[in-house]
Amino acid sequence: MGILDGKNILITGVLSYSSIAFEIARTAQAEGAEVVLTSYGRRSLVERVAARLPEPPPVVDLDVTDTAQLDALAERVGVHLDGLDGVVHAIAFAPPGALGGEFLRTSWDDAATTFQVSAFSLQALTGAVQPLLRDGASIVALDYDEGGASPGYDWMGVAKSGLESCARYLAHYLGPRAVRVNLVAAGPLRTVASSHIPGFGDSLADWDERAPLGWRPDGHALVARACTALLSDWFGATTGEIVHVDGGRHAMGG
């Protein structure tokens, strides 16, 4: 018996085998979940990646900035699942002008894109799947929390702060249905997305040095287990929370 037996989970953000979302999908399946993935503009690529999972899941298209796709999401997911017990938000993007020390020169368009895709999308995704969302469901989003300003991360850091606030408001408004909304703040992991963040390599060494448990950039499985636990009924009274899976770095200051 797995802790997700009988549960249907929608997982966004799978792009490659190194994606955190890929490891979440693998772990969720191992714990008994039925899974559907979403893809953004690269459906054939996501389907090839999905084929490496224990049970290759269906893939549906989703651009979180496209109102028409959001409006049709519940119907397209509903072809494969008769309801949702969990949703994983693993979506983030910032144009180059919003990263790498360009904070004071970032245009509104670049900042707005970063915020829409990386923060507002949690509300947009949740609203889109509400027709399928069962009472008692769990929504989990991936966060990054270094405890302060992280030079180079810039407007993505601002967006992540917005994501945290968005999760708290969703927790409030969905609470009457016993729907939980939580964040998992992971330490820096090697993924396709992180390879585009200026100074990422330097942050890895600093994180390992400052984290009391140490930190490895290949700790995807640790993050996936935390997400899977939050998707399960084991955290039935936890919502609006940030669970840190970062070796303890966030608690050390400095």
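Number of residues in the stretch 106-134 that are of a type in the set (V, I, T) and open to solvent by less than 10 Å² (accessible area, probe 1.4 Å): the value is 3.
Go through the stretch 201-249 and give me each residue that's acidic (D, E) and open to solvent by 40 Å² or more (accessible area, probe 1.4 Å). Outline the logic, then answer.
Step one: list which residues in the stretch 201-249 are acidic (D, E), which gives 202, 206, 208-209, 218, 233, 241, 246.
Listed by number, the residues that qualify are D202, D206, D208, E209, D218, D233, E241.
Restricting attention to the stretch 24-62 and to residues that are out of contact with any strand residue (DSSP E or B) (no Cβ under 9 Å at 6 or more places or on another chain) and either assigned to a loop (DSSP other than H, G, I, E, B) or aromatic (F, W, Y) (or both), the residue that is surrounded by the most Cβ atoms within 10 Å (Cβ to Cβ) turns out to be E31. The residues in the stretch 1-15 that are part of a loop (DSSP other than H, G, I, E, B) and either surrounded by 15 or more Cβ atoms within 10 Å (Cβ to Cβ) or aliphatic (A, V, I, L, M) (or both) can be counted, and the count is 9. Taken together, A137, A74 contain a single residue that is outside any strand (DSSP E or B) and surrounded by 15 or more Cβ atoms within 10 Å (Cβ to Cβ), which is A74.
So, in the stretch 142-164, of the ones that are within 13 Å of F103 (Cα to Cα) and among the aliphatic types (A, V, I, L, M), which residue ends up surrounded by the most Cβ atoms within 10 Å (Cβ to Cβ)?
Within the stretch 142-164, the first condition is being within 13 Å of F103 (Cα to Cα), and the residues that meet it are 149-159.
In the following step, the residues that additionally are among the aliphatic types (A, V, I, L, M) were identified as 149, 156, 158-159.
Values: A149: 11, M156: 24, V158: 20, A159: 27.
For the stretch 142-164, the residue satisfying everything is A159.
Do the conditions hold for T126, that is, is it polar (S, T, N, Q), over 29 Å from G248 (Cβ atoms) and assigned to a helix (DSSP H, G or I)? Walk me through it before giving the result.
Details: polar (S, T, N, Q): yes; over 29 Å from G248 (Cβ atoms): yes; assigned to a helix (DSSP H, G or I): yes.
So T126 fits the description; yes.
The values are calculated or read from the model by the stated rules, or taken from the named source; none is laboratory data. Everything quoted here is computed from the prediction, not taken from an experiment. For neighbour counting, all protein chains shown are included, and Cβ atoms are generated from backbone atoms with ideal geometry for every residue, glycine included. These area figures cover heavy atoms from the full protein model, side chains too; ligands, DNA and RNA do not enter into them. Shrake-Rupley method; radii C 1.70, N 1.55, O 1.52, S 1.80 Å.
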